[in-house]
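Rule-based calculations on the coordinates, nothing more; no lab input. Since the model is a prediction, treat every value here as computed from it, not as a measurement. FYI the Cβ positions are ideal-geometry reconstructions off the backbone, even for glycines, and counts take in every protein chain you see.
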Amino acid sequence: MIRHIVLIKFQPGVSEETITAFFQELREIEAQVPGILDIKSGRSESPEKIERGYMHGFVVDFQDWDALQSYQNHPDHKALGAKLVANAVGGLDGILVLDIPVSA
């Protein structure tokens with residue numbers, strides 16, 4: 001399994017409603033890309049408070065690397081990615097992505 005972790009530092013003017021809509025778009029992609037096992041998204045509620053501005057994020061679990069590649073190539077993923085970049089502080093600099101192989 002591959003765990004795709006995305007942390008986003010949104011620009012100050014981006015509303016929680018807009019962010020919720022972005023995460024809903026992500027959920028709609030789930031039904032279109034085979035090999036997505038699970039999606040979780042939301043705002044950090046960490047008691048440690050060391051997010052450094054990365055207050056929102058999501059995790060997508062993929063069956064394998066091929067499923068992740070299908071997701072990355074999907075036109076709806078590319079459209080959503082462009083919206084996230086446009087609304088992140090510094091564009092792409094406001095987004096962190098990690099892809100971690102996870103043993104079941």
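From the square roots a ≥ b ≥ c of the eigenvalues of the alpha-carbon gyration tensor of the stretch 1-42, which class results: rounded (a/c under 1.5), prolate (a/b over b/c), or oblate?
Details: a/c = 3.51, a/b = 1.78, b/c = 1.97.
Taking the square roots of the gyration eigenvalues as a ≥ b ≥ c, the stretch 1-42 is oblate.
Between Q72, Q24, L96, the Cα set farthest toward the positive side of the dipole of the chain (charges on each charged residue's Cβ, about the Cα centre) is that of L96. Running Debye on the stretch 34-79 with equal point scatterers at the Cα sites and no solvent, what base-10 log of I(q)/I(0) appears at q = 0.16 Å⁻¹? Result of the Debye calculation: -0.58. Here the 3J(HN,Hα) profile of the stretch 31-43, calculated from phi with Karplus coefficients 6.51, -1.76 and 1.60 at θ = phi - 60°, is 6, 9, 10, x, x, 7, 8, 6, 9, 10, 8, x, 9 Hz, Gly and Pro shown as x.
Judged by the ratio a/c of the largest to the smallest principal axis of the C-alpha gyration tensor, the stretch 50-103 counts as oblate, that ratio being 1.5 or greater while a/b is no larger than b/c.
Note on K49: lysines with a C-alpha under 24 Å away, same-chain residues under 8 apart excluded, are K9, K40.
Net charge in the neighbourhood of D64 (other residues with Cβ under 13 Å of its Cβ; Lys, Arg +1, Asp, Glu -1) is -2.
Within 13 Å, Cβ to Cβ, of I5, how many net charges do the neighbouring residues add up to if Lys/Arg are +1 and Asp/Glu are -1? Provide the component values of the computation, followed by the final result.
On the way: positive: R3, K40; negative: D38, D61, D99.
Once positives and negatives cancel, what remains is -1.
Measuring spread by the Cα atoms of the stretch 1-95 yields a radius of gyration and Dmax of 13.3, 37 Å.
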